[in-house]
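Following: one structure in structure tokens, then a few remarks.
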Amino acid sequence: MLARGCTGNLWGGTVPDGVYFGDCLDVMSKLPSDSVDLIVTSPPYADARKHTYGGVPPSEYVEWFCERAEQMFRILKPTGSFVLNIKEKAQDGERHTYVLDLILALKRNVGFRWVEEYIWHKTTAAPGKWKYRFRDSWERLLHFSKTPDVKMNQDAVKVPIGDWTTKRLANMSKNDRSRQESATNSKVGRCIANWDGKSTVYPTNVLHKSPVAHNTGHSAAFPEWLPEFFIKLFTDPDDVVLDPFLGSGTTYRVAARLGRKPMGIEMDSDAPLRLEA
Ligand SMILES: C[S@@+](CC[C@H](N)C(=O)[O-])C[C@H]1O[C@@H](n2cnc3c(N)ncnc32)[C@H](O)[C@@H]1O
């Protein structure tokens with residue numbers, strides 16, 4: 001196993017630091033159990049990019065991924081999180097089901113809890129036209145955990161409340177000042193006054209963000225906001241962050257910048273790594 005660009009043991013602990021080259025299955029099987037705080041990654045989407053960095057046929061994808069996911073489950077701490085960025089491709093005019101099958105297999109066969117599905121709405125979708133579909137402008141960001149007791153720093157990812165509140169909160173009615181139940185009896189209530197005086201609020205599970213990644217040289221690099229959002233949300237400084245499909249090293253670079261202990265695994269020893277901010 002060759003480590004390139006970063007060697008030695010940065011934190012002298014139980015988890016090796018740095019970047020490791022090889023199949024993540026082999027590298028992860030050498031890591032200790034319950035040792036990683038966050039795994040955030042984007043694996044090959046089956047064989048969607050087989051001409052650049054290879055891939056796995058959709059029919060074999062779930063089995064291939066679950067073998068690696070068993071190691072992810074083992075090395076994740078009980079309070080840890082696993083965030084999987086993935087999207088199914090369309091084949092023969094319909095969406096393939098390998099991502100849906102994978103979610104079920106990760107739950108039923110590997111033992112992960114499927115905590116949440118964040119939607120990444122790509123605000124700058126590429127132009128194009130297809131016979132039966134429109135332009136694809138979203139991907140899945142699937143959040144899994146090992147136990148119900150997940151570390152989650154919700155305040156770390158608050159977003160600006162938005163200009164609309166200035167006008168709305170300046171003209172509050174009597175009803176706005178107490179909790180109002182939905183007129184449709186849906187049991188969904190709200191109290192507008194709860195937003196008064198706030199400049200930031202919790203985000204929703206739809207992340208409206210650009211797909212643009214700068215200066216990477218990799219065909220499928222993360223934009224930096226993506227690992228950054230989940231690293232801030234699910235880890236503290238000095239926690240261990242692993243990307244087992246490292247590509248150009250975006251997760252590693254962001255984790256290091258945020259004072260976490262970064263670790264990455266990449267099969268292609270010629271991958272265009274950029275590990276420093
Ligand atoms: C979608 S890209 C990841 C890009 C990355 N998020 C970035 O920001 O650059 C997937 C990467 O996984 C690597 N890969 C594929 N199979 C692998 C395996 N079994 N173990 C480790 N890396 C693998 C590919 O070479 C590719 O660079």
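Only the coordinates and a few stated rules stand behind these numbers; no lab work does. From a predicted model like this one, the values you see are computed outputs, not experimental measurements. Cβ coordinates were reconstructed from backbone atoms using ideal geometry, including for glycine residues, and neighbour counts include every protein chain displayed.
Observations on the model:
- Helix-only mean residue ellipticity at 222 nm for the chain, each DSSP H run of n ≥ 4 adding -39500 (n - 2.57), per residue, nearest 500: -6000 deg cm²/dmol
- Contour excess over end-to-end distance, with Cα ends at T147 and N205 and 0.36 nm allotted per residue: 18.8 nm
- For the chain, the longest principal axis of the alpha carbon atoms and the long axis of helix 225-234 meet at an angle near 80°.
- Tensor-based shape of the stretch 191-236 (alpha-carbon gyration tensor, a/c under 1.5 rounded, otherwise prolate or oblate): prolate
- Overall form of the stretch 119-167 per C-alpha gyration tensor (a/c, 1.5; a/b vs b/c): oblate
- Long-range tail of P(r) for the chain (Cα pairs > 25 Å, %): 51
- Ranked list, fewest to most other Cβ atoms within 10 Å of each Cβ, for C24, C66: C66, C24
- Ranked list, fewest to most other Cβ atoms within 10 Å of each Cβ, for D149, D34: D149, D34
- Annotation: aspartates and glutamates with alpha-carbon distance below 13 angstrom to K122 (same-chain offsets under eight excluded): D136, E139.
- For D239, residues with placed amide H under 5 Å, excluding near neighbours: K261
- Near-label residues of the stretch 104-142 by backbone N, under 20 Å of a point 7 Å along Cα→Cβ of V188: 116-121
- Sequence of S59, S81 once ranked by neighbouring C-beta atoms within 10 Å, starting from the fewest: S59, S81
- The stretch 211-273 and the stretch 33-75 have Cα centres spaced 16 Å apart.
- Potential extension, D196-L100 segment - 0.36 nm per residue separation minus Cα distance: 30.5 nm
- Pair Q180, W164: separation of 7 Å Cα→Cβ label points (nm): 1.5
- Principal-axis analysis of the Cα atoms of the chain puts helix 58-75 at an angle of about 90° to the longest axis.
- Each residue, R140 and K232, gets one label point 7 Å from its Cα in the Cβ direction; the gap between the two is 2.6 nm.
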